[in-house]
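Data first, discussion second: the structure below is written as structure tokens.
Values quoted throughout were computed directly from the atomic coordinates according to the rules given, and no laboratory measurement underlies them. Given the structure is predicted, the values throughout are model-derived calculations rather than measurements. In this analysis, Cβ positions are derived from the backbone assuming ideal geometry, glycine residues included, and neighbour counts consider all displayed protein chains.
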Amino acid sequence: MKERSNFSSRIGFVLAAAGSAVGLGNIWRFPYLAAKYGGGIFLLVYIILAVTFGFTLMIAEIALGRRTGLSAIGAFRSLNKKFSFLGWLTSIVPMIIFPYYCVIGGWVVKYFASYVAGDGGAAAGNDFFSSFIAQPMQPIFWLCVFIAATAIIVLLGVQKGIEKASKILMPVLVVLSVVVAVYTITMPGAWEGVLYYITPDFSKFSPMTVLAALGQLFYSMSLAMGIMITYGSYMKKESNLEKSVKQIEIFDTGIALVAGLMIVPAVFVFSGGDQSQLQQGPSLMFVTLPKVFESMGTGGLVIGAAFFLLVLFAALTSAISLMETVVSILQDKLHWSRKITCLVVAIGAILIGVPSSLGFGIWENVQILGMSILDFFDFLSNSVLMPIVAFFTCIFVGWVIKTKVISDEVKLSSKFHGEKMFVVMIKYIAPVLIIAILVSSILNATG
Ligand code: PHE
């Protein structure tokens, strides 16, 4: 059998996994949630959950991958045949997410290109976004550009493609986010926005704060979609696993915090302190922020270009991890060559992505459970499948194969400092929290 590819260095692994974790969620959802759920108190809850709940699930997934040297299907199956279903279920998630994630990635490329071409002013126009996504061909063109970029990197392989790209893209992303954040917090009037973002507002604290933080955390760390299992399977046995997980978390949470510093004060100044202007998702990124950049004058166009470049890098490294996960699942299962697999996955993603894209234009009337096609895929993966996968993963590790399998894997490379917490968390606390997320997100969507 061919030897499995691996990351050449621990830092390469950390940057690639952090590249997966840092994505659109950090930028267009985290700042909004923080502002909505009481600023500093949300930040505090989020950080506590990251070092307990997030830490536990991420250790489990990476260790499962490294221990078995396989992607999700094989990883679960090789440890317990009865849990083959969990491997399949996990594998469906990136297959659903990848195509529509690339649709949004294509929008980001389009915006970046507009800013570079000096059209940032036009992007701030009222109907720019809605008329762009409603067109049939243009968004599909940008979707193809984004998928092609992703596919080229994945095709180059784990070391020469993913690791190399992450080593360049992630440091640049950090620098750009700090530059944009410094620019926005030094604008006149921005300080009030900063205070709004970091000051705890206890009156907004409720169990919903915890649930919102949990749901976000889970998505933000790219858990429950087989990604960390796959990346773990490329990790060397001598690399320190626990330390790596901590560094990935610091990276992901750090960028989310900085994203809040760039977005909350900027919107605050722009809207004259009216926080209801701070939305989430595409409307924040593609409608409000271009207006905010425009209001900054000439400097805003440069900051806008820098901003969309950093978003592009964040989306690209996440898309790479999604595609690699799908590719490795197919390769493990079907033993195709990497070239053929990448080609099949890229073409498949375009074909499945097209309906999501058309759902904002000529297929606007196609609704599933009252949602657009893209929103439906998003709902199905994030709100339904991911919590189910995470729940069974906890049961699998905590009660079926038992936590010792994971602990032993972690201890191959270092002491396992968080072991006690890990065991309690994965057996008892995490499953309960996950059920709570599942129930609340389904109620939210249908209610
Ligand atoms: N973790 C990414 C984020 O925060 C989201 C993501 C989703 C990444 C799916 C990869 C795959 O945006």
Considering only 383, 401, 432, whose Cα is most displaced toward the positive end of the charge dipole of region 357-434, charges sitting on Cβ of Lys, Arg (+1) and Asp, Glu (-1)?
401
Ranked by GNM mean-square fluctuation in the chain (Cα springs under 10 Å), the top entry among 369, 358, 380 is 369
Residue 277 paired with residue 436, simple spin-label distance in nm, labels 7 Å along Cα-to-beta-carbon:
3.5
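Let me spell out the model: positive unit charges on the Cβ of Lys and Arg, negative unit charges on the Cβ of Asp and Glu, origin at the Cα centre of the chain. What dipole size does that give, in debye rounded to 20?
1740
When the chain is fully extended, how far beyond the present Cα-Cα distance does residue 192 get from residue 429, taking 0.36 nm per residue of separation?
81.6 nm
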Shape verdict for region 1-129, please, from the Cα gyration tensor: rounded (a/c under 1.5), prolate (a/b greater than b/c) or oblate.
prolate
Sorting 135, 256, 188 by the position of each Cα along the dipole of region 10-446 (Lys, Arg +1; Asp, Glu -1; all at Cβ), the one nearest the positive end of that ordering is 256
In whole Å, what is the distance between the alpha-carbon centres of region 179-239 and region 272-323?
16
For labels at residue 414 and residue 156 in the simple 7 Å Cα→Cβ model, what's the distance in nm?
2.8
Most fluctuating residue of 181, 314, 72 in a GNM of the chain with Cα springs under 10 Å: which is it?
181
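Can you tell me the FRET efficiency between residue 127 and residue 208 if r is taken as the Cβ-Cβ distance and R0 is 41 Å, rounded to the nearest 0.05?
After rounding, the FRET efficiency stands at 0.75.
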Scanning the chain for chymotrypsin sites (Phe, Trp or Tyr not before Pro) in DSSP loops with at most 16 other Cβ atoms within 10 Å, what's the longest stretch left with none?
1-204
Using r as the Cβ-Cβ distance of residue 443 and residue 402, and R0 as 45 Å, what FRET efficiency do you calculate, to the nearest 0.05?
0.85
At 7 Å along Cα-to-Cβ for each site, give me the label-to-label distance between residue 88 and residue 336 in nm.
2.0
Could you tell me the ratio Rg/Rh of the chain? Both radii from Cα atoms, Rh via Kirkwood.
0.95
Please give me the summed charge of the neighbours of residue 369: other residues whose Cβ is under 15 Å from its Cβ, Lys and Arg +1, Asp and Glu -1.
-2
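What length, rounded to one decimal in nm, is gained on full extension from residue 4 through to residue 363, with 0.36 nm per residue of separation minus their alpha-carbon distance?
125.0 nm
Rounded to the nearest 500 deg cm²/dmol, what is the calculated helix-only ellipticity per residue at 222 nm for the chain, with -39500 (n - 2.57) per DSSP H run of length n ≥ 4?
After summing the helix terms and dividing by residue count, I get -22500 deg cm²/dmol.
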Rounded to the nearest 0.05, what FRET efficiency do residue 343 and residue 135 give with R0 = 35 Å and r taken as the Cβ-Cβ distance? Could you check?
0.80
